[in-house]
C-alpha cells in the first residue's frame, strides 16, 4: 500500500477532472466535478490510516529527477502538519462544489475546471519537498484564485482581483528571492529537508525575519 504514489494521484485526479468537465454534456458538468472531488476525498482517507503518528520522518515519499543540472527534483511527502492540511483540502472541495451548485449559473464548465485545478495545486503546495516544485504549485494555485475572484466574484470583483494580483505578485517575488538565498546559502540544493538541517548565519536569519514581518504587515 505504501508503495502506491498516493500524493501524485491526489494531485493528478483533480487535473484530469478539470479536463473531463469540458468533455461531458452540459447537464453532467456539476456531477462530474462533484464525483472527482469525492473520489479525491476517498483516495486521501487511507493516508490517515497508513500514517505512522509515532514517527517524526516524512512519509509517503515520492522522488524523481526533474532538472538534475540544477538539483531540482520532483519530491513529495507528508508529515504530521501537512497531512491534516491535505485532508482538509479534499474534505472542503466537495463542499465547494455543492455550495456553488446553484449559485454559479454562468461559465459553469470553466468554474468547475478552475476549482479542480486549484485543488490539485493546493495539495501540491502542502506535499512539495522541493522549493522549486513548491513555488510552481504555489503560483499555479494563485492563478485559479485570481480567476475565481475576477470572473465569479461580487460587484467589486475586478478591483478585488487586481488587488489580489498585486499583493500576491509582491509576495511571490519576495518568496522567490528567499528561495534563491537559501539555495546559495544551503549548499546549492532546493531540497526542503536538506535545507532545514543547515545552519545559517545570524544576519541571514534576521533578514528572513524582517522580510516575513514586512510581508505580513503590508501584504494583507
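No value in this document is a laboratory result; all are computed from the given coordinates. These numbers come from a predicted model, not from an experiment. Positions of Cβ are backbone-derived with ideal geometry, glycine not excepted, and every protein chain shown enters the neighbour counts.
Odds and ends about this structure:
- Per residue, the average separation of C-alpha pairs within less than 8 Å and at least 6 apart gives region 6-218 a relative contact order of 21 percent.
- Protection proxy ranking of 175-186, 124-135 - average other beta-carbon atoms within 10 Å, highest first: 124-135, 175-186
- Reported to the nearest whole Å, the Cα centre-to-centre distance from region 1-55 to region 137-214 is 26.
- Tilt relative to the chain, helix 82-103 - C-alpha long axis, 0 to 90 degrees, to 10: 30 degrees
- Relative to the dominant Cα principal axis of the chain, helix 157-185 is inclined by about 30°.
- Residues 25, 163, ranked from the fewest to the most other C-beta atoms within 10 Å, line up as 25, 163.
- Taking the number of Cβ atoms within 10 Å of each Cβ as an exposure proxy, the fewest-first ranking of 99, 123, 11 is 99, 11, 123.
- Degrees separating the helix 131-152 axis from the principal Cα axis of the chain, which is the longest one: 30 degrees
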